[in-house]
Amino acid sequence: METNKKVIFSGIQPSGALHLGNYLGALRNWVALQDEYNCVYCVVDEHAITVRQDPAALRRQTLELFAQLVACGIDPEKSILFIQSHVPAHAELAWVLNCYTMFGELSRMTQFKDKSAKHADNVNAGLFTYPSLMAADIMLYQADLVPVGEDQKQHVELTRNIVQRFNGIYGDVFTMPDAYIPKVGARVMSLNQPDSKMSKSIPEGCVYLMDSPDEIMRKFKRAITDSDTERCVRYDRANKPGVATLIDIYAAVTGKSYEQIEEEFAGKGYGAFKPAVGEAVVELLRPLREEATRLLADKAYLEGLYRAGAEKAASIAQRTLRKVHKKVGFLPR
Ligand code: TRP
């Protein structure tokens with residue numbers, strides 16, 4: 001890694017297929033950060049098993065996500081791209097950090113409270129200590145900045161507390177990270193429930209990166225618009241949330257402003273607008289889907305990429321872990 005650049009770390013779970021919300025909200029930004037920063041990006045399969053996964057599906061999704069990240073423009077030459085379980089230092093540092101993370105702190109995590117309500121039959125210790133594994137991810141690479149959505153800010157705050165606690169006892173071992181909330185991160189809402197974020201739990205309103213053009217067009221044509229009487233393309237999130245969702249997507253894809261979009265569709269109604277947004281998304285995703293498909297046909301090439309990524313990651317992570325083991329008093333091997 002170049003020494004004059006700040007370090008960025010972020011992770012993404014292989015618990016489902018990539019969708020337009022992931023791409024416009026996070027990944028496109030990950031790609032843009034690669035020139036200015038030393039970026040380390042990780043497919044966090046260890047986090048994924050805090051809720052029950054089907055093993056074959058997890059394996060497939062991990063490889064697909066890895067290929068899709070490359071297809072989206074994460075460049076394994078510029079950045080370090082790897083799979084979490086391939087670098088044992090993550091689990092090893094997480095154990096140490098568990099001993100410097102308080103039960104009370106973890107109990108206050110809103111994601112833990114939400115997920116334990118949702119998966120009441122499987123409130124396992126991993127779900128509880130999920131944030132100290134995430135802290136280990138970040139701290140192993142001495143990350144300065146952590147691009148995350150709103151929902152993960154609390155976990156980055158906790159990471160900062162752990163860094164402060166550890167450094168307070170042992171001296172400057174870890175870099176203090178900051179959450180990095182992108183200036184123009186698009187928040188993509190569900191096409192048929194415009195008050196919820198686009199997610200796989202609302203399948204009809206979710207456009208996947210790997211959806212065929214026909215499938216994408218179908219989803220956009222069936223997108224919810226509003227039952228207001230004016231039926232014109234005007235941005236009004238409070239009163240016309242369905243149309244606002246489509247305008248936001250069209251703006252994120254084309255780079256046009258709300259005013260430009262309203263002008264473009266003046267007098268045209270929803271019937272023209274919905275397919276236009278669909279077509280813009282089809283063209284945005286087409287090259288990504290094609291490249292991911294091409295990569296997934298060459299498993300040996302992908303294996304080469306993720307092995308090389310894990311090797312680069314491990315050499316940095318190992319250096320941090322050795323320092324930590326020394327500080328806490330483990331006898332050197
Ligand atoms: N918890 C994050 C999420 O669900 C994923 C993640 C794991 C992560 N480790 C990370 C994000 C480290 C940023 C940094 O979205």
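Below is a table of values for the structure above.
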item: Sequence-separation-based contact order of the stretch 203-293, relative, with Cα cut under 8 Å and 6+ spacing, percent; result: 35
item: Highest average packing first - 212-225, 28-41, 294-307, Cβ atoms within 10 Å; result: 28-41, 212-225, 294-307
item: Carbon and sulfur %, accessible surface of the stretch 1-62 computed with the full protein complex present, 1.4 Å; result: 48
item: Percent accessible area from carbon and sulfur atoms, the stretch 203-293, protein chains only, probe 1.4 Å; result: 51
item: Separation between Cα centres of the stretch 42-91 and the stretch 118-195, rounded to whole Å; result: 17
item: Computed label-point distance, nm, for sites E77 and D236 using a 7 Å Cα→Cβ extension; result: 5.1
item: Förster-model FRET efficiency, 56 Å R0, A308 and E263, C-beta, rounded to 0.05; result: 0.70
item: Contour excess over end-to-end distance, with Cα ends at S212 and Y301 and 0.36 nm allotted per residue; result: 29.6 nm
item: Relative packing of 117-126, 134-143, which averages over residues the other C-beta atoms within 10 Å, highest first; result: 134-143, 117-126
item: Table column - 3J(HN,Hα) (Hz), the stretch 174-179, Karplus curve with 6.51, -1.76, 1.60, x for Gly and Pro; result: 10, 6, 7, x, 10, 5
item: Residues whose placed amide H lies under 5 Å from that of C39, excluding near-sequence neighbours; result: I8, I80
item: Extreme residue, positive dipole direction of the chain, given options Q61, M198, I216 (C-beta unit charges); result: Q61
item: Globularity ratio of the chain, using Cα Rg and 2.2 N^0.38 Å; result: 1.07
item: With all protein chains modelled, accessible area of C42 [1.4 Å, Å²]; result: 0
item: Fraction in percent of alpha-carbon pairs per bin - 10 Å, the stretch 55-160; result: 12, 36, 40, 12, 0
item: Spatially proximal lysines relative to K312 (Cα-Cα < 25 Å; intrachain offsets below 8 disregarded); result: K5, K6, K78, K299, K323, K326, K327
item: Greater than 25 Å apart at Cα, pairs in K115/K153; K115/K221; K240/K274; K221/K256; K197/K268; K200/K240; result: K115/K221; K197/K268
item: Residue-count net charge about L305 - beta-carbon cut-off 12 Å; Lys, Arg +1, Asp, Glu -1; result: -2
item: Cβ-based net charge around G73, under 13 Å, with every Lys or Arg adding one and every Asp or Glu removing one; result: -2
item: Net lengthening on full extension, D228/K323 (0.36 nm per residue, minus Cα-Cα); result: 28.0 nm
item: Estimated D of the stretch 203-293 in µm² per second, where Rh is the Kirkwood radius over Cα pairs and Stokes-Einstein applies at 25 °C, 0.890 mPa s; result: 182
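The values are calculated or read from the model by the stated rules, or taken from the named source; none is laboratory data. Keep in mind that what you see is a predicted model, and the values were worked out from it rather than measured. So basically every Cβ, Gly included, is an ideal-geometry build from the backbone, and we count neighbours across all protein chains shown. Surface areas here come from the heavy atoms of the whole protein model, side chains and all, with no ligands, DNA or RNA. Shrake-Rupley method; radii C 1.70, N 1.55, O 1.52, S 1.80 Å.
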